[in-house]
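Colleague: Shown below is the structure under consideration.
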2 protein chains.
Amino acid sequence: MKTDIQIAQESTMLHIRDVAGQMGLTEDDLDFYGKYKAKISLDVLRREEKTEDAKLILVTAINPTPAGEGKSTVTVGLGQALTKIGKKAVIALREPSLGPVFGVKGGAAGGGYSQVVPMEDINLHFTGDMHAITTTNNLLSAAIDNHIHQGNKLNIDVRRILFKRVLDMNDRALRQVNVGLGGKPNGFPREDGFMITVASEIMAILCLATSLEDLKERMGQIMIGYNYDGEAIFARDLNVQGAMALLMKDAIMPNLVQTLENTPAIIHGGPFANIAHGCNSILATKTALKLGDYVVTEAGFGADLGAEKFLDIKCRFGGLNPSAVVIVATVRALKHHGGVQKADLSTPNVEGLEKGIVNLEKQIENIRKFNLEPVVAINKFVSDSDEEIQYIENFLNKMNVKVALTEVWEKGGEGGVELAHKVIEVAEGAGTYKPLYDVELPIKEKIGTIVKEIYGGSSVAYSPKAEKAIREIEAMGLDKKPICMAKTQYSLSDNPKLLGAPSGFEVKVNEVKLSNGAGFIVCLTGDVMTMPGLPKVPAANNMDIDEDGNILGLF
Amino acid sequence: MKTDIQIAQESTMLHIRDVAGQMGLTEDDLDFYGKYKAKISLDVLRREEKTEDAKLILVTAINPTPAGEGKSTVTVGLGQALTKIGKKAVIALREPSLGPVFGVKGGAAGGGYSQVVPMEDINLHFTGDMHAITTTNNLLSAAIDNHIHQGNKLNIDVRRILFKRVLDMNDRALRQVNVGLGGKPNGFPREDGFMITVASEIMAILCLATSLEDLKERMGQIMIGYNYDGEAIFARDLNVQGAMALLMKDAIMPNLVQTLENTPAIIHGGPFANIAHGCNSILATKTALKLGDYVVTEAGFGADLGAEKFLDIKCRFGGLNPSAVVIVATVRALKHHGGVQKADLSTPNVEGLEKGIVNLEKQIENIRKFNLEPVVAINKFVSDSDEEIQYIENFLNKMNVKVALTEVWEKGGEGGVELAHKVIEVAEGAGTYKPLYDVELPIKEKIGTIVKEIYGGSSVAYSPKAEKAIREIEAMGLDKKPICMAKTQYSLSDNPKLLGAPSGFEVKVNEVKLSNGAGFIVCLTGDVMTMPGLPKVPAANNMDIDEDGNILGLF
């Protein structure tokens, strides 16, 4: 079997000028980055302001399992399938973080015959957006420590600085550091830590900004910590938001690449799906909506986290109105939710499936709460039995949900044609989506609504730290914002071991944090790791490039 | 008077395709980065292997003074002047570091009507080379700490790790840090520090590598520290040189931009001029040599540091044979070397000039030791008196050195035509340059030769630490390498206050360090700062960009 990179390298890419040409864009609208990548000018969005938006399709999934669901692959495959049946499709994806590429094999470029290319560039430096975010974040950090060193006019409390440095690297040694050591010339010692770049609030801001002005405004609103009187200090107090915006002037432009079948793919922004909202940028999605008939996008993790945040945060901020939601599942993953062990997943087992399908059922019910209609995509594996497939189809028929088998990994767009037709049918009949809650509600009411309505929990318990944070945010009057839940992706609950569709559980909120620039309130359940580490044998050890540019070991 | 950025923004840039076209390059040879920047494929150098090299001209200067000399401006202006008189000229410059842009106003893009453009891009992220170096450096750092965390099979001594992390930021708080804090999941605590990216050995390697294979080989040879038995550990022992080379696959390609007068400028690599050799990349210079008749390049700091390292390190490694050396001076700077105070520099003062011209005299003598002939460029200021100019001309006539007045800041290439003609005359008569010393000599003999022959010192004193390092390097048999001197740029001696041409002084060597990947031995005199800090009011505070992309406060 060919590896993803072999398949990718055998594909025939069009010059990016021609991919853009399919969408009516000319060279003036683009900044090329080599022959197969380009940035799209924000002028395009301004120029097409009056053009009617395309239909927006969200691809999400059941709670992920070790069996794998293939959400990105379906997203790319559906885009290719729509192209195949003659629709103008544009795919809008997140861009991958470089750090994890060197840790465990993986990426966010799809797989098999449903990939975006050039995958090696997309997974390495791409067009430099991650680096721009790293630099912008760390300029603010340097400005904070410099301000303190130069007299600390703002009276910043070195014990209460919330804003951390970042690097796009899996580097556990940087999680907790002491900086400013070595004496007077090196500033004041304090505790700090590095997060991975995608966890930066700058990344969340990039993805939620609707213009360069809005980006700058939001960066100025980042709450960096407290002064010694306990009052909030914002980035704008240091007056570096202009320089920060300048550093982001190219990064704010959406990136254009293509799929293996030359469907245009806009890949832009990739915030963490836990402490941030896990969706590509609003500007990229809006640009895509002006350039195609159908825009296919995805959100991080399963539907309980990804789709909820897509709908309650991104769509709300961006004024987006999605037309359909694809929920990806596999027979194997549903059996896993039914308690079947990993080693037994290839054995037909309708009983296990019956137990596990409740996870899919709950995600379907959830999507309908947003006044949206889901379509289920069953990503087919050779081990799936006819009986198992039949069971799922019957189950979904009873729920009056459309379902399609997909084979996009093996067959590319051809393997997603049935799904494409069903998605179109649903999208054409769509109404207006509605968010789950009103942002004007108190923080606890908003959290409670998500826990009860989406997760199926019965109650929420707040740590004293979380209680205090909520009081502080409300006292500052900065609480009228959507909630960004950080929760295990593996369960509808906050306990990764509770598979299927648990109910009656209590969700424990450890921390509540204000991401004032991004414009949401992060609610943390359990520990959230914002800086990964490298494994015993990092993927980096197997990577190489020869003098002719042949790449080895990358995926 | 217009600012540099105003002049730059008023210029008419050609599409980079057309700049490349002037040199016979086609779109296939290029990777565009927007409309005005491109990377040149390494295939060009391979294809043109048999083409005769252009004449290589080095621009250097007297020891810099607060009065300013304008070395980069002359480099760009000379390139423009050569174009103006009908020669195929290519300029080869270093790329600026992003960090200092936000500190004190400055940059490495020339000035006035002799600039490279687009200056805002060149001074910000450019084509991402700095970010690639940062990432490559920090991947190696992460691999070191991960190796220790995962069992430390190599027995790396956490107290003796030499390889530091880097960021392209002026951030004094990161000079000295403790990493790996927070307990077992975060690895082993140890002392570390961040340097600015241009100080990374990866940068020096990029600039000295002659191919991607060579780059990879050199990265593997980086000495990262010692094991508990006191034996050297190299990057290749961690087996990440392949991944590191992969991260550098685009960064290794030279970048093409243009001057205000559309002369092609290749800007690539910018290592520190103290702990590294301060020249642009060999690959860029070699590529330029295949594409023009005259290549104008520069080296960091004054001739005693910059030209010496250009000739003894870069030219030696690259097999380059320069044809002429331009030494830039100003009447004001020469008077400063003669002891005239900054406030009095605008007052005509032949006596002060007479005292200070010895600095220029010594630099001229030094260049001739390499079997090269210098041309002096006097960068003209309105305050210069005819008498002063006449004095310099007479002085240089006696030394049989060609001299030209230049006004490239005010007039662009037109202001450098006289210089261009004199440079051509010298270059056409050039022989074969020879390095100052044999690399096979013992370390102390090499250092002694530089101190006596170039600086005019009488002796060298080594600290116990330096003595120990020399013994260790020699014991490992890694001493047959050129010396990379790190010394104050303001004096021929190691004391910044000794202006003019001091003699009889002792140079104190504090530290000797092996840059085994770069392939040189760093000899540190005095303190060398490898991570700058931000000033009280950082330049960043005045920077901004508006919705239409208009940039404010950048230079």
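Colleague: What does the charge dipole of the range A:1-75 about its Cα centre add up to, to the nearest 20 debye, if the Cβ of each Lys and Arg holds +1 and the Cβ of each Asp and Glu holds -1?
Modeller: So the dipole magnitude of the range A:1-75 works out to roughly 200 debye.
Colleague: Given axes a ≥ b ≥ c from the Cα gyration tensor, I'd like to know whether the range A:494-544 is rounded (a/c under 1.5), prolate (a/b larger than b/c) or oblate.
Modeller: oblate
Colleague: To the nearest 20 Debye, how big is the dipole of the range B:147-225 about its Cα centre, given +1 on the beta carbon of each Lys and Arg and -1 on that of each Asp and Glu?
Modeller: 380
Colleague: With angles folded into 0 to 90 degrees, how steeply does helix A:386-398 sit against the dominant principal axis of chain A? Use alpha carbons for both and round to 10.
Modeller: Long axis of A:386-398 versus the principal axis of chain A: about 70 degrees.
Colleague: For the pair B:His421/B:Glu27, report the inter-label distance in nm, with labels modelled 7 Å from Cα in the Cβ direction.
Modeller: The two pseudo-label positions are separated by 4.2 nm.
Colleague: If you count, for every residue in A:156-169, the Cβ atoms of partner chains within 10 Å of its Cβ, what is the mean? Write out the running numbers ahead of the final one.
Modeller: Details: counts 0, 0, 0, 0, 0, 0, 0, 0, 0, 6, 0, 7, 4, 9.
Averaged over the peptide's residues, the number is 2.
Colleague: Have a look at B:Asn152, B:Ala132, B:Tyr113 and report the one farthest towards the positive end of the charge dipole of the range B:33-175, computed about the Cα centre with Cβ charges (Lys/Arg +1, Asp/Glu -1).
Modeller: The one lying farthest along the dipole's positive direction is B:Asn152.
Colleague: Please list, short to long, the whole-number percent of alpha-carbon pairs of the range B:69-227 in consecutive 5 angstrom bins beginning at zero.
Modeller: Reading the bins upward from 0: 2, 8, 14, 16, 15, 14, 11, 8, 5, 4, 3, 1, 0, 0.
Colleague: State whether the range B:290-394 is rounded, prolate or oblate according to the following rule on the C-alpha gyration tensor (a ≥ b ≥ c being the square roots of its eigenvalues): a/c under 1.5 gives rounded; otherwise a/b larger than b/c gives prolate, and the remaining case gives oblate. Can you show the working numbers first?
Modeller: On the way: a/c = 2.54, a/b = 2.13, b/c = 1.19.
Verdict is prolate for the range B:290-394.
Colleague: Relative contact order for chain A: what is it in percent, counting Cα pairs under 8 Å that are at least 6 residues apart?
Modeller: Relative contact order, chain A: 21 percent.
Colleague: What is the distance in Å between the Cα centres of the range B:169-243 and the range A:418-467?
Modeller: Computed from Cα coordinates, the inter-centre distance equals 46 Å.
Colleague: Could you tell me which of rounded, prolate or oblate describes the range B:159-229, using a ≥ b ≥ c as the square roots of the eigenvalues of the alpha-carbon gyration tensor, with rounded for a/c under 1.5 and, failing that, prolate when a/b is larger than b/c and oblate otherwise? Mind dumping the intermediate values first?
Modeller: Details: a/c = 2.67, a/b = 1.50, b/c = 1.77.
Oblate, because a/c is 1.5 or more while a/b does not exceed b/c.
Colleague: Do any GluC sites (Glu not before Pro) in the range B:50-158 lie in a loop, going by DSSP, with at most 16 other beta-carbon atoms within 10 Å of their beta carbon, and if so which?
Modeller: The qualifying sites are B:Glu52.
Colleague: Let me ask something additional. Taking the Cα centroid of the range A:473-544 and of the range B:470-506, what is the distance between the two, rounded to the nearest whole Å?
Modeller: Taking the Cα centre of the range B:470-506 as reference, the centre of the range A:473-544 is 54 Å away.
Colleague: When each copy gets a label point 7 Å from Cα toward the beta-carbon at A:Gly183, what are the spacings between them in nm, shortest first?
Modeller: Label-point separations across copies, in nm and ascending: 3.5.
Colleague: Need one number: nm distance between label points at A:Asp344 and A:Val104, each 7 Å from Cα along Cα→Cβ, rounded to one decimal.
Modeller: 2.4
Colleague: Across chain B, where is the longest run that never hits trypsin sites (Lys or Arg not before Pro) in a DSSP loop with at most 11 other C-beta atoms within 10 Å?
Modeller: Working: sites that count: B:Lys2, B:Lys50, B:Lys153, B:Lys497, B:Lys536.
Free of exposed loop sites, the longest segment is B:154-496.
Colleague: Between B:Gly319 and the same site in the other copies, what are the distances in nm, shortest first, taking label points 7 Å from Cα along the C-beta direction?
Modeller: Relative to the other copies, B:Gly319 has label-point distances of 6.3 nm.
Colleague: Next question, about the same structure. On average, how many beta carbons from a partner chain sit within 10 Å of the beta carbon of a residue in A:540-553?
Modeller: Taking the mean over all residues of the peptide, I get 6.
Colleague: Let me ask another. Mind checking the mean number of beta-carbon atoms from other chains within 10 Å of the Cβ atoms in A:27-34?
Modeller: Mean partner shielding for this stretch: 5.
Colleague: Report relative contact order for the range B:57-214 in percent, whole number only (criteria: Cα-Cα under 8 Å, sequence separation at least 6).
Modeller: 19
Colleague: Now, a different point. Out of A:Ser493, A:Gly553, A:Val537, whose Cα points farthest toward the positive end of the dipole of the range A:489-555 (charges: +1 Lys, Arg; -1 Asp, Glu; placed on Cβ)?
Modeller: Comparing the listed Cα positions along the dipole, A:Ser493 ranks first.
Colleague: Mind checking the angle between helix A:464-475 and chain A's longest principal axis? C-alpha axes, 0 to 90 degrees, to the nearest 10.
Modeller: Helix A:464-475 sits at roughly 80 degrees to that axis.
Colleague: Quickly work out the A:Met399-to-A:Leu498 label distance, labels modelled 7 Å from Cα along the C-beta direction, and quote it in nm with one decimal.
Modeller: 1.9
Colleague: Rounded to the nearest 5, what is the percent of antiparallel bridges among the DSSP beta bridges in the range A:183-314?
Modeller: 100
Colleague: Moving to a separate point now. Please report Rg (one decimal) and Dmax (integer) in Å for the Cα set of the protein assembly as shown.
Modeller: Just the Cα atoms of the protein assembly as shown yield Rg and Dmax of 30.8, 102 Å.
Colleague: Ignoring everything except DSSP H segments at least 4 long, calculate the 222 nm mean residue ellipticity for chain A; use -39,500 (n - 2.57) per segment, divide by total residues, nearest 500.
Modeller: Only helices count here, giving -9000 deg cm²/dmol.
Colleague: To continue, here is another question. How tilted is helix A:129-149 with respect to the longest principal axis of chain A? Cα atoms for both, answer in degrees (0 to 90, nearest 10).
Modeller: Helix A:129-149 sits roughly 20 degrees off the main axis of chain A.
Colleague: Taking a label point 7 Å from Cα toward Cβ, how far is A:Asn371 from its twins in the other copies, in nm, shortest first?
Modeller: Spacings between copies for this position, smallest first, are 8.5 nm.
Colleague: May I pose another question? Using the alpha-carbon centroid of each, what span in Å lies between the range A:1-80 and the range B:85-159?
Modeller: Taking the Cα centre of each part, the range A:1-80 and the range B:85-159 sit 30 Å apart.
Colleague: At a Cα cut-off below 16 Å, give the lysines reachable from B:Lys184, other chains included and same-chain residues fewer than 8 away excluded.
Modeller: A:Lys536
Colleague: Here is a follow-up. What list of ³J(HN,Hα) values in whole Hz, one per residue of the range A:242-247 in order, does the Karplus curve 6.51 cos²θ - 1.76 cosθ + 1.60 (θ = phi - 60°) give from phi, with Gly and Pro shown as x?
Modeller: For the range A:242-247, the Karplus curve yields x, 5, 5, 5, 4, 5 Hz.
Colleague: Counting Lys and Arg as +1 and Asp and Glu as -1, each charge on the Cβ, what is the dipole of the range A:1-146 about the Cα centre in debye, to the nearest 20?
Modeller: Details: 15 positive and 18 negative charges, 100 e Å.
The calculation lands at about 480 debye.
Colleague: Antiparallel versus total DSSP beta bridges in the protein assembly as shown: what percent is that, nearest 5?
Modeller: 45
Colleague: Could you provide, to the nearest whole Å², the per residue accessible area of the range A:392-495 with probe 1.4 Å?
Modeller: On a per-residue basis, 44 Å².
Colleague: Let me ask something additional. Quote to one decimal, in nm, the extra length available between A:Tyr228 and A:Ser385 on full extension: 0.36 nm per residue of separation minus the C-alpha distance between them. Kindly include the intermediate steps, with their values, before the conclusion.
Modeller: On the way: separation 157, 0.36 × 157 = 56.52 nm, distance 6.52 nm.
So the chain would gain 50.0 nm between A:Tyr228 and A:Ser385.
The values are calculated or read from the model by the stated rules, or taken from the named source; none is laboratory data. These numbers come from a predicted model, not from an experiment. FYI the Cβ positions are ideal-geometry reconstructions off the backbone, even for glycines, and counts take in every protein chain you see. Areas reflect the complete protein model, heavy atoms only, side chains present, ligands, DNA and RNA absent. Shrake-Rupley method; radii C 1.70, N 1.55, O 1.52, S 1.80 Å.
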